[in-house]
Structure formats: C-alpha cells, structure tokens
1. Can you find a residue that is at negative phi, part of a loop (DSSP other than H, G, I, E, B) and out of contact with any strand residue (DSSP E or B) (no Cβ under 8 Å at 6 or more places or on another chain) anywhere in the stretch 120-127?
2. Take the residues of the stretch 95-140 that are among the small types (Gly, Ala, Ser) and more than 23 Å from residue 58 (Cβ to Cβ): which is surrounded by the most Cβ atoms within 10 Å (Cβ to Cβ)?
3. I'm trying to understand the selection: among the residues of the stretch 86-105, which are in a strand (DSSP E or B) and closer than 18 Å to residue 15 by Cβ?
4. Given the condition modelled with pLDDT of 90 or more, out of contact with any helix residue (DSSP H, G or I) (no Cβ under 6 Å at 6 or more places or on another chain) and more than 18 Å from residue 17 (Cβ to Cβ), answer yes or no: does some residue in the stretch 110-117 qualify?
5. Has the stretch 29-47 got at least one residue that is under 16 Å from the mean Cα position of the chain (by Cα) and of a type in the set (Phe, Trp, Tyr)?
6. Mind telling me which of the residues 25, 74 ends up being more than 18 Å from residue 106 (Cα to Cα), of a type outside the set (Asp, Glu) and under 14 Å from the mean Cα position of the chain (by Cα)?
7. Out of the residues in the stretch 113-141 that are without any contact (Cβ under 8 Å) to a residue 24 or more places away in the chain and of a type in the set (D, E, K, R), state the one that is farthest from residue 32 (Cα to Cα).
8. Can you tell me which residue among 7, 41, 64, 92 is closer than 22 Å to residue 124 by Cβ, surrounded by fewer than 20 Cβ atoms within 10 Å (Cβ to Cβ) and modelled with pLDDT under 95?
Amino acid sequence: MQCSSYIPNPLMDKFVGHWKWTSSNNSFEMILKKEKTYNIIEDDHSCVDYIIGFHQYIKNGVIIENSLQHQNTNFSQKLKSIFGAGVIPGDILWAGIDNLSTGSHVKMEVEYIDATHIKIKSIKNYPGTKLYLPGETIPSSEITLPQNIILTKQ
C-alpha cells in the first residue's frame, strides 16, 4: 500500500485485543485489530488507522452470531463485523457493528476502563431515514446484542 500521507491514531491502541464477557450461559466476544488502510472519507490516497473487528454472541448456550472465523482477514477483504473510525474524549471508541442475526448495522460505543477492561456502553440504530431499493430485504431494527456489559481482555 502506497500512501500519500499517514496519520497514525495511537488512541485506538488501548482497544486492540481479544475481549470477552460471560454471564451464565451467555457470552459476547470481540477481537479488535488496528489496521492502517486508505482513508475511506478522503479520496486522496492518504492512510489512517481504523479498528476492524469480529464478534461472537452466545445466548443460552446457542451461538446467535459469529464472525470470529474471519479474524485473520483484513479491511479490504470485507469480512469484518465491527468497524471503528475514531476515539472521542472520554476514551470512547465509536464503531459500527453488524447485528448479524437481524441483518442490520448499528452504532456501538465502547468505553475504555483500564488495560484489562472495556465496556459496551450502548448499541443503537443509526438515526435518520433509510432507503431500500425494490427487492432488497429490509432488516429488523431490533437490537439483539448485549449492551452495558464489561468485557475482560483475554
């Protein structure tokens, strides 16, 4: 990859890792990686850091969602289920996550607590009107993923 410029984002480093929450027969697991890639916002061949990730959600012992099998892929392969573009004040990672069981893409806020803990503060639908072309499947707006949970670094 030949970048015209590169702006690293060290604020993302603290979110990188393998994270897991477990409560009885329920668990939520995320693998987050920081990747240098072309800036998708600017069309100038500059590069920036993004977070890409993969997740697994188990409810009552049954796998509801799983993209962990793609954890060794990169951004350009388009197999990620989590995409983070920035960290805002308060150590909050803004990311999108594919709600694989409903077919929707929702907004997730992840808060850095300390070197071994992060918290999924919220998962919400993106605001605004959505346009679907004739024949396209309209995803459910129901959010099935757990939120307000604390994950531990594995």
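The values are calculated or read from the model by the stated rules, or taken from the named source; none is laboratory data. Remember, predicted model here, so these are calculated numbers, not experimental data. Using ideal geometry, Cβ is built from the backbone for each residue, glycine included, and neighbour counts are taken over all protein chains shown.
1. The initial filter retains those residues of the stretch 120-127 that are at negative phi, namely 120-127.
Narrowing the set further to residues that are part of a loop (DSSP other than H, G, I, E, B) leaves 126-127.
Within this subset, residues satisfying the condition of being out of contact with any strand residue (DSSP E or B) (no Cβ under 8 Å at 6 or more places or on another chain) are 127.
Yes - at least one qualifying residue is present in the stretch 120-127.
2. The extreme case among them is 115.
3. Within the stretch 86-105, 86, 87, 88, 92, 93, 94, 95, 96, 97, 98 meet the criteria.
4. Filtering the stretch 110-117 down to residues modelled with pLDDT of 90 or more leaves 110-117.
Still in the running and out of contact with any helix residue (DSSP H, G or I) (no Cβ under 6 Å at 6 or more places or on another chain): 110-111, 113-117.
Pick out the ones that are also more than 18 Å from residue 17 (Cβ to Cβ) and you get none.
No, there is no match, as no residue in the stretch 110-117 is modelled with pLDDT of 90 or more, out of contact with any helix residue (DSSP H, G or I) (no Cβ under 6 Å at 6 or more places or on another chain) and more than 18 Å from residue 17 (Cβ to Cβ).
5. No, the stretch 29-47 contains no residue that is under 16 Å from the mean Cα position of the chain (by Cα) and of a type in the set (Phe, Trp, Tyr).
6. So the residue among 25, 74 that is more than 18 Å from residue 106 (Cα to Cα), of a type outside the set (Asp, Glu) and under 14 Å from the mean Cα position of the chain (by Cα) is 74.
7. Result: 136.
8. From the options 7, 41, 64, 92, the qualifying one is 41.
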